[in-house]
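K.L.:
Next up is a structure, given as structure tokens.
The values are calculated or read from the model by the stated rules, or taken from the named source; none is laboratory data. Bear in mind the structure is a predicted one, so any value in this text is a computation, not a measurement. Cβ placement follows ideal geometry from the backbone for every residue including glycine, while neighbour counts extend to all protein chains displayed. Ligands, DNA and RNA are excluded from the accessible area calculation, which covers all protein heavy atoms including side chains. Shrake-Rupley method; radii C 1.70, N 1.55, O 1.52, S 1.80 Å.
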Amino acid sequence: MLRHSSASPLLSLPGAVPAEAPDEGVAAHYGDLFREQRALADGSGFVDLSHRGVVTVSGPERLSWLHLLLTQHVSDLPAGQATEALILSAHGHIEHALYLVDDGETTWMHTEPGDQEALLAYLESMKFFYRVEIADRTGDIAVVHLPAGSITDAPEGTVVRETPHGRDLFLPREQLESFAAANGPAIGILAMEALRVEAHRPRLGLETDHRTIPHELGWIGVAVHLQKGCYRGQETVARVQNLGKPPRRLVFLHLDGSEVHLPPHGTPVRLAADGEEGRQLGFITTSARHHELGPIALALVKRNVPTDARLMAGDTAAAQEVVVEP
């Protein structure tokens, strides 16, 4: 994926350690991962998400046009109301995940780092004669996350996307350093990722691969509206919802805390009873060290894996909790 070329200026803050893929360009942490997690869970500080893509759609037909393309019902989206949406392939596989809010004149969305290029190309290809204007704002707008419970005020004029998990600010990039100076502590992406895993929230490119459908990750009802009109991939969504079950399901794992290392993305998941030579039944999507739960992970496994089965993530023992029902 192409990414915004400039590293965040907040990487110059004391203790900043750069994050690795897919979050290059911002800090993994600022020297104390668990302290940062606790602060975030308590509603303090902010997370620099300035590496994420930002796309806007303006024009009088923007919501009715987006409604035709997205899995979410947005034709009557009230100003200021946050929502999530997906764009699917013709076969119902997830291609883009969008985090949206409309300010009454423009629909703002942020995407995974680098995904804005492909998203922009798709949106432009579907523009036809609709009265909409699409823009890549990644170069001049930085996303900043304030946790739930934060009492920090958004700078005047800033577009805010408020959810139960916190507020996303679409902040002009030139204000990023002054905002950080006034509203610390800065918190790294690893703390946010640990809380995301705890909350069982999927992320494009980590919990997804080229064949993931929304049902596998619990995105039905969250990012997929089942009573809206046609959109690309809807046939697959309706067929699985009404006639079948998804081939895989997202699970939450408690990992053996005696292991020094975390199993990385892609680590095979097997039945513990079968050992390391057993048949692969899934893979780790995201793993994290949590300040209270210890090592945890999300994994995508075959639907028919027994919900009470003990698992192995590589050579690490894992106990599962159901996220998506089999």
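K.L.:
In whole Hz and in residue order, list the ³J(HN,Hα) couplings for the range 10-16 that follow from phi through the Karplus curve 6.51 cos²θ - 1.76 cosθ + 1.60, θ = phi - 60°; x for Gly and Pro.
P.N.:
Along the range 10-16, the couplings run 6, 5, 8, 5, x, x, 5 Hz.
K.L.:
Then there is this: I need to check one value: relative contact order of the range 132-177, counting alpha carbon pairs closer than 8 Å and at least 6 residues apart, in percent.
P.N.:
Computed over the range 132-177, the figure is 44 percent.
K.L.:
Using a cut-off of 12 Å between beta-carbons, work out the net charge of the residues near Phe252 (Lys and Arg +1, Asp and Glu -1, Phe252 not included).
P.N.:
Charge balance near Phe252 sits at 0.
K.L.:
Right, another one. Could you please report the charge total around Val269, scoring K, R as +1 and D, E as -1 over all other residues with beta-carbon less than 13 angstrom from its beta-carbon?
P.N.:
With Lys, Arg at +1 and Asp, Glu at -1, the neighbours total +3.
K.L.:
Still on this structure, I have one more. Could you compute the net charge surrounding Ala142? Neighbours are other residues with a C-beta less than 13 Å from the C-beta of Ala142; K and R count +1, D and E count -1.
P.N.:
Around Ala142, the surrounding residues sum to -2.
K.L.:
Using amide H atoms built in the peptide plane, which far-off residues or other-chain residues are under 5 Å from Val324 H to H?
P.N.:
The answer is Leu250.
K.L.:
I'd like the distance between the alpha-carbon centres of the range 8-42 and the range 264-314, rounded to an integer number of Å.
P.N.:
Here the two parts' Cα centres lie 27 Å apart.
K.L.:
In addition: Hey, any idea what Rg/Rh is for the range 84-145, computing Rh the Kirkwood way over Cα pairs?
P.N.:
My calculation of the ratio gives 0.95.
K.L.:
Here's something else I'd like to know. Tell me, in nm to one decimal, what length is gained between Phe129 and Ala79 on full extension, where the rule is 0.36 nm per residue of separation less the Cα-Cα distance?
P.N.:
Between Phe129 and Ala79, full extension yields an extra 15.6 nm.
K.L.:
Further, regarding this structure: Leaving ligands, DNA and RNA out of it, report the carbon-plus-sulfur percent of the accessible area of the range 17-77 at a 1.4 Å probe.
P.N.:
The computed percentage sits at 50.
K.L.:
For the range 212-219, just list the computed ³J(HN,Hα) in residue order, Karplus coefficients 6.51, -1.76 and 1.60, θ = phi - 60°, integers in Hz, with x standing in for Gly and Pro.
P.N.:
6, 10, x, 4, 5, 10, x, 8
K.L.:
Go through the range 130-136 residue by residue and turn each phi into a ³J(HN,Hα) via Karplus (6.51, -1.76, 1.60, θ = phi - 60°); whole Hz please, and just put x for glycine and proline.
P.N.:
Working through the residues one at a time gives 6, 8, 9, 10, 10, 9, 8 Hz.
K.L.:
Under a straight-distance cross-link criterion of Cα-Cα below 26 Å, which lysines are reachable from Lys245, leaving out those fewer than 8 residues away in the same chain?
P.N.:
Qualifying lysines at Cα under 26 Å: Lys228, Lys302.
K.L.:
Report Asp42's accessible area, 1.4 Å probe, all protein chains in place, as a number in Å² to the nearest 10.
P.N.:
120
K.L.:
Let me ask something else. Over the chain, with the other protein chains present, what is the accessible area per residue in square angstrom, probe 1.4 angstrom?
P.N.:
Heavy-atom accessible area per residue stands at 44 Å².
K.L.:
Hey, what did the range 183-261 get for relative contact order, percent, Cα under 8 Å, at least 6 apart?
P.N.:
Reported as a whole number, the value is 32 percent.
K.L.:
Continuing with the same structure: Taking only C-alpha pairs under 8 Å that are 6+ residues apart, what is the relative contact order of the chain in percent?
P.N.:
Computed over the chain, the figure is 18 percent.
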